[in-house]
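Have a look at the structure below before the remarks.
None of the figures in this text is laboratory data; all of them are computed from the coordinates on show. Since we're looking at a predicted model, the values are computed, not measured. For neighbour counting, all protein chains shown are included, and Cβ atoms are generated from backbone atoms with ideal geometry for every residue, glycine included.
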Amino acid sequence: MKLRRTMMFVPGNNPGMLINAGIYGADTIIFDLEDSVAISEKDAARHLVYNAMKAIKYPCEVAVRINHISTPFGYKDLEVILAVKPDLIRLPKSETAADIQEIDAIITAAEIKHGFVPGSIKMMAAIETAKGIRNAFEIATASPRMVAIAIGGEDFLADLQTSRTKDGKEFYSARGQLILAAREAGIHAIDTVFGDVNNEEDFIAETTRIKEMGFDGKSVVNPRQINIAHQIFMPTTKEIDHAERVITAYKESLARKSGVVSLNGKMIDVPVVKRAERTLAYANAAGKNNGRVKL
Amino acid sequence: MINAIGREIPENIAGIKNIKPYGGPFEYVPTGRLTGPNIILNRPRSEKVLKSIEQAIDATGLKDGMTISFHHHFRNGDYVLNMVVAAIAKKGIKGLTLAPSSLNNINEEIIPYIEQGVITAVETSGARGKMGKLLTSGKMAKTTIIRSHGGRARAIESGELRIDVAFIGAPACDTYGNINGVEGKSACGSLGYAMVDAAYADKVVAITDHLVPYPLFPVSIPQTQVDYIVEVEAIGDPKGIASGALRISKDPRELLIAQYATTAIEYSGYFKQDYSIQLGSGGASLAAAQFLKAKMKQQGITASFGLGGVTAPFIEMLDEGLIKAIYDVQDFDIPSIQSMKKNANHQEMSASFYANPHNRGPIVNQLDVVILSATEVDVDFNVNVITDSNGVIMGAVGGHQDTAAGAALSIVVAPLLRGRLPMVIDQVHTVCTPGETVDIIVTERGVAVNPRRKDLRDNLREANIPVMDIEELRDLAYEFAGKPDPILVSDEIAAVVEYRDGTLIDVIRRPLQL
């Protein structure tokens, strides 16, 4: 099971951060060529990220957020970055399936050119407008490379003509639609960043909320947020215990060739078994890669 | 001579008497007796308060070639050392040995007096900036001696470092010479380093900006040790003496190192009810306090005592009952100073009580766990905290050697890379603390356990931290930053680094490029 509990943005123009990006245990690091890089440094960032990826073995999934292909930088980003085979290309401000398909074609050409396994470079899209939310399912299914869709915060709020609130009302409908689209498409749903890195309390509240909504992970901007998010996404001991008992009961019923699964005298439905299997697979994956630090 | 860690120690070094090569942390067994100050007659109602520093210098009989001492509790706010050396210079006295417990950047002011020959030798724990450069330059008339805090106390008590006149910055002093560090505008908290000077110097001058009527209490340095008192306008700049509460780092790399260090402690086997701990004042050390606190609460563990170098995060642990008592040789921030004043479980101690290996029991010998920083470490676990990547003195040994030797578990934290430089290397330029006394090295990319401590390596297996061989860490550092060329040095020895027992662990040769 591939986890994307945390996808950490790392500004592409900061060599110190590029070197150390892999040590904090994020499930995915996203080298950013877009919003955190000033126009005057776009080329420098692109080449720094290229060289970092060439020289450093990162212990996790590596994504690159390129500039949108409607800007003068997007195609150049792809040309340079695809040569070092990122795991994932993240497209910002996705509004239509056509955006995704255009990049898909460029990636396909690059895979052929560099001799990479066809389809090995994946894609994800950030949706940052009302139009994008409306097209979320089409975007999510626009290419077999698509593994996740994410909601992009500030641009979306601007488009919606509202601003951040403590309990996140402004994101209710968008998060709801995004998660539905992702689930229907069978890919991950990733929540937006929480920028106030010193406000641990609200970060915990927001991450708990989006986990409960069904999101698979959160974009983070600071390594200090990683362990906190991983703990929130980790199934509790109680949940794991319960899942183990459900699976044991299920296996016993299979052995008995009985169609009815029961635990403590109660009937267990198939979805409960499925959820238990998922919980155990998740705990297993998280145990292997839980940020490497026990808190 | 080649000492026990393979460093070449010349048989003759100008100005260094009785050279003994380092043989192991507890190999050298001292003989002889303690020294002491001269005996004097004191008549009833004699007057100790003098009008000026100049008058006090005259009264002490300070002459060419003598040794004067200071303490560094005022840190970068210290006025006393500069003020006294300037006054001595005015009197035309020359050839003095300066033996402060340490030197801070603010003491650069006295460099002209060194150049004029007022001071010709320095014995201290360390130096930074221009002063460090001067001591490394070979321009000093005599070889500099670097000692740890415990080593200095030992040298003073054994008579190896004979102090003729000790000048003691006194945040509060009464008219008969009782001193404490917790009152007055220049309060610095503990006077632990100065306590040894006061007890063993032939003459002791208290310099204060807070002279109070007799008697002052509590007493840190008693009237029985103080000859003269001078009142001045200010003995230090409060802003430089102590900051507000030292804050926990927000640097994610330091936090990660701190997390690894704390997890190492948790699984080491020493994290038990009534364990004891010392944390340094470096970023990762301080951050470790925060994680340790959480783990102690979680597991219901409290510590019997804490040791330091005291900072606000430590005080919070004392106030919350997580640490039963604190023993304090120096304070770094205002909450620590205030705590020493109001909390009876916050005890002041002398540098000898803290770390002298040749008394009947320094507290470091009771210490379970210490976290120490490092400038660079090597594959033999040797630690350098004194010279920089150019071979220039830029730090201080402090209590590093002492706590590493005394503690049951000594953890050294250091980033794998500092800027473009690898910090885990084949051989440190200067050995301050021998690898034999270092158990674990923690970097942001991996944790190495000294092969002597197989028990620890086994314990850490469950810890879910990246345990590696030290050579793997070095290779990783070299992979990123390349292998640094050795620093080219001359034969000329600028300074010797004493081990805490008075043997020589290393020498600092003048770099060719300085």
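Averaging Cα coordinates gives a centre for the range B:364-416 and one for the range A:1-68; these two points are 34 Å apart. Computed from point charges on the beta carbon alone (+1 for Lys and Arg, -1 for Asp and Glu), the dipole magnitude for chain A about its Cα centre is near 1200 Debye. Taking the Cα centre of the protein assembly as shown as origin and assigning +1 to Lys and Arg Cβ atoms and -1 to Asp and Glu Cβ atoms, the resulting dipole is close to 1120 debye. Each 20 Å bin from 0 upward holds the following percent of the Cα-Cα pairs of chain B: 24, 57, 19, 0. Among A:ALA229, A:ALA189, A:ALA276, the largest mean-square fluctuation in a Gaussian network model of chain A (Cα springs under 10 Å) belongs to A:ALA276.
Label separation (A:GLN161 vs A:ILE247): 5.2 nm, computed from points 7 Å beyond Cα along the C-beta direction. Only beta bridges with both residues in the protein assembly as shown are counted; by DSSP, about 20 percent of them are antiparallel.
Computing FRET efficiency as 1/(1 + (r/R0)^6) for B:LYS20 and A:LYS131, where r is the C-beta to C-beta distance and R0 is 60 Å, gives about 0.15.
Looking only at chain A, where both bridge partners belong to it, what percent of the DSSP beta bridges are antiparallel (to the nearest 5)? Around 10 percent antiparallel, to the nearest 5. The dipole here belongs to the range A:141-182: it is taken about the Cα centre, uses +1 on the Cβ of Lys and Arg and -1 on the Cβ of Asp and Glu, and is about 160 debye.
The mean sequence separation of alpha-carbon pairs under 8 Å and at least six residues apart, normalised by the residue count of chain B, gives a relative contact order of 17 percent.
For the protein assembly as shown, rounded, prolate or oblate, judged on the Cα gyration tensor with a ≥ b ≥ c (square roots of eigenvalues), a/c < 1.5 rounded, else prolate if a/b > b/c? Cα axes put the protein assembly as shown in the prolate bin. Cross-link partners for A:LYS251 among the aspartates and glutamates, with Cα-Cα distance under 18 Å and sequence neighbours closer than 8 places in the same chain left out: A:ASP241, A:ASP269, A:GLU277. Specify whether the C-alpha gyration tensor of the range B:123-281 places it in the rounded, prolate or oblate class, a ≥ b ≥ c being the square roots of the eigenvalues: rounded for a/c under 1.5, otherwise prolate if a/b is larger than b/c and oblate if not. Since a/c reaches 1.5 and a/b is larger than b/c, the shape of the range B:123-281 is classed as prolate. For the range A:253-270 and the range B:1-68, compute the distance between their C-alpha centroids and round to whole Å. Distance between centres, Cα-based: 85 Å. What shape does the range A:114-164 take by its C-alpha gyration tensor, where a ≥ b ≥ c are the square roots of the eigenvalues and a/c under 1.5 counts as rounded, a/b above b/c as prolate, and the rest as oblate? Prolate is the answer for the range A:114-164, as a/c is 1.5 or above and a/b outweighs b/c. Remark: the range B:313-321, residue by residue, has Karplus-estimated 3J(HN,Hα) of x, 5, 4, 4, 5, 5, 5, 8, x Hz, where x stands for each Gly or Pro and the curve is 6.51 cos²θ - 1.76 cosθ + 1.60 at θ = phi - 60°.
Look at the alpha carbon pairs under 8 Å that are at least 6 residues apart: their mean separation over the length of the range B:35-104 gives a relative contact order of 41 percent. Which residue fluctuates the most in chain A, going by a Gaussian network model with Cα springs under 10 Å, if the choices are A:VAL80, A:VAL272, A:VAL147? Of A:VAL80, A:VAL272, A:VAL147, the most mobile in the Gaussian network model is A:VAL272.
Each Cα pair under 8 Å and six or more residues apart adds its sequence gap; the mean of these over the residue count of the range A:86-188 is a relative contact order of 29 percent. The modelled label-to-label distance between A:MET267 and B:ILE111, using points 7 Å beyond Cα along the C-beta direction, is 8.8 nm. If the cut-off is a Cα-Cα distance under 29 Å, which lysines reach B:LYS17, setting aside same-chain residues fewer than 8 apart in sequence? Cα-Cα hits under 29 Å: B:LYS63, B:LYS94, B:LYS130, B:LYS133, B:LYS139, B:LYS142, B:LYS203.
Taking θ as phi - 60° and the Karplus parameters 6.51, -1.76 and 1.60, the scalar couplings of the range B:35-46 work out to 8, x, x, 5, 8, 9, 9, 10, 8, x, 6, 5 Hz in sequence order, x denoting glycine and proline.
Only lysines eight or more places from B:LYS295 in sequence, or on another chain, were considered; those with a Cα closer than 19 Å are A:LYS294, B:LYS272, B:LYS324. For a 22 Å ceiling on Cα separation, which of these pairs sit above it: A:LYS42/B:LYS250; A:LYS166/A:LYS218; B:LYS185/B:LYS341? Long pairs (Cα-Cα over 22 Å): A:LYS42/B:LYS250.
Once Lys and Arg get +1 and Asp and Glu get -1 on their Cβ, which of B:ILE326, A:PHE73, B:THR31 lies farthest toward the positive end of the dipole of the protein assembly as shown? Positive-end residue among those listed: B:ILE326. Give the calculated FRET efficiency between B:GLN299 and B:GLN427 to the nearest 0.05, with a Förster radius of 25 Å applied to their Cβ-Cβ distance. Computed FRET efficiency for B:GLN299 and B:GLN427: 0.05. Placing dummy labels 7 Å off each Cα toward the beta-carbon, the span from A:HIS114 to B:ILE2 is 5.1 nm.
Between A:GLU154 and B:PHE217, how high is the FRET efficiency from 1/(1 + (r/R0)^6) when r is the Cβ-Cβ distance and R₀ = 45 Å? Nearest 0.05. Plugging the Cβ-Cβ distance into 1/(1 + (r/R0)^6) gives 0.15.
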